[in-house]
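The values are calculated or read from the model by the stated rules, or taken from the named source; none is laboratory data. Treat the numbers as computed from the prediction; the structure is a model and nothing was measured. Areas reflect the complete protein model, heavy atoms only, side chains present, ligands, DNA and RNA absent. Shrake-Rupley method; radii C 1.70, N 1.55, O 1.52, S 1.80 Å.
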Amino acid sequence: MPKLYEISEWSEQPWWNTGGTRNKKVYLNPSDGKLYYFKQSFNKGERNYEYEFWSEIVASEVGILLGFDLLPYHIANRHGVIGCISESMINPTSEELIEGGKYLHAFDSTFEPEDRNKRNKYGFQLILGSMKEFGLEVYIQNVIKIILFDAFIGNSDRHQENWAFINTHSGVSKSILNMETKLKSGDQFTKSRAINWLIGKLYSEKGDLVPELEGARLLLAAGVRFAPIYDSGCSFGRELKDRKVKSMLKNPDELGVYLKKGMAEIHWKQKKVNHFELLRLILMEEDLREMMREVIEKSLSRFDQNKINELIYNVDIPLKENGLHLGLPTERKNLMIKLLDLRREEIERLLSQYQK
């Protein structure tokens, strides 16, 4: 059950970089001295997904129940603004969160996610290639778990910044990060013309290490581990208007169409496919089939409909008990439960086709 954090008196830490599309800020909890990330729902123009932060919280709770390594998300209130909050995954003095995209770009410098015409390069094959290049094959199962988890919740936004590794600093990698931070902040690193010339060769104008050396920097970390799954709020129909939610609950055909339209962000051989097709394609790979089957079987063995119903129906109790607004409407809870169960059925059908 998520907790309610009252963060109105917490101090904002504006110097911390918080990538992503949603309104996200970092605050220091005076009680434990730790950093926390507070996110509101996406709201831009006509796209006002007011319940998106609930999708993040429910995804976290469901994922933990199913045995995935999820970053826990809780409810937070700051001066009447409600959102979700999560504790920082790293110790900022000794660790750094390295988003997957940095490994992908270091492996293939032509991968430029900012270029819409090249986004189809973001695929399963590129991810596997980069992990093998950096000796991280042991974490391929973690990527497969993310793909399966996204299939359960219908997450459509697992881009290259929404999965990561946590690197423990060596002396050299810490020095590189400090230099990068200074450059990005606009501070003058040194008055030496020779050193500034060298820095200009090693870093882009934005302060990023050039691709030729980014790979070397990643290899210099003292330790590497796969980060818990985070940023899963683009799920559970968070973009649907209330009227559409009610209509889908009354019309099973609409639910079926919605499930099939849900696309995975991770491509397969430069082609975008839906979540279940991506699972099927991985199951067809002989060297990955057993790993995929094992991951699916373990998660399905933990699927308990009664526990899921209790989890979702009670998720906003801490908010209501404190008289705060923006609870999760019953219709949306019903839809979340229905979508999750239908996705479970589809995953079970897939597994049955690739049994030993």
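Details
- Using C-alpha pairs under 8 Å with a sequence gap of at least 6, the mean separation divided by the residue count of the stretch 1-99 gives a relative contact order of 28 percent.
- Backbone phi angles across the stretch 108-121, fed through the Karplus curve with coefficients 6.51, -1.76 and 1.60 (θ = phi - 60°), yield HN-Hα couplings of 9, 5, 7, 6, 10, x, 5, 8, 4, 6, 10, 5, 5, 6 Hz in residue order; Gly and Pro are listed as x.
- Checking the Cα-Cα distances for K3/K34; K24/K320; K241/K272; K25/K269; K44/K132 against a 27 Å cut-off, the pairs over it are K25/K269; K44/K132.
- Y5 long-range amide H proximity, modeled H, under 5 Å: I75, A76, N77
- Protein accessible area in the stretch 1-150, 1.4 Å probe - carbon and sulfur %: 46 percent
- In plain terms, the chain from S352 to M1 could stretch by 123.1 nm, reckoned as 0.36 nm per residue minus the Cα-Cα distance.
- Averaging the sequence gap over all C-alpha pairs within less than 8 Å and six or more residues apart, then dividing by the number of residues, gives the stretch 256-300 a relative contact order of 21 percent.
- Accessible surface of E6 - all protein chains present, 1.4 Å probe, nearest 10 Å²: 100 Å²
- Solvent-free Debye scattering, log10 I(q)/I(0), computed from the Cα coordinates of the stretch 227-356 at q = 0.12, 0.14, 0.15, 0.21 Å⁻¹: -0.58, -0.78, -0.88, -1.41
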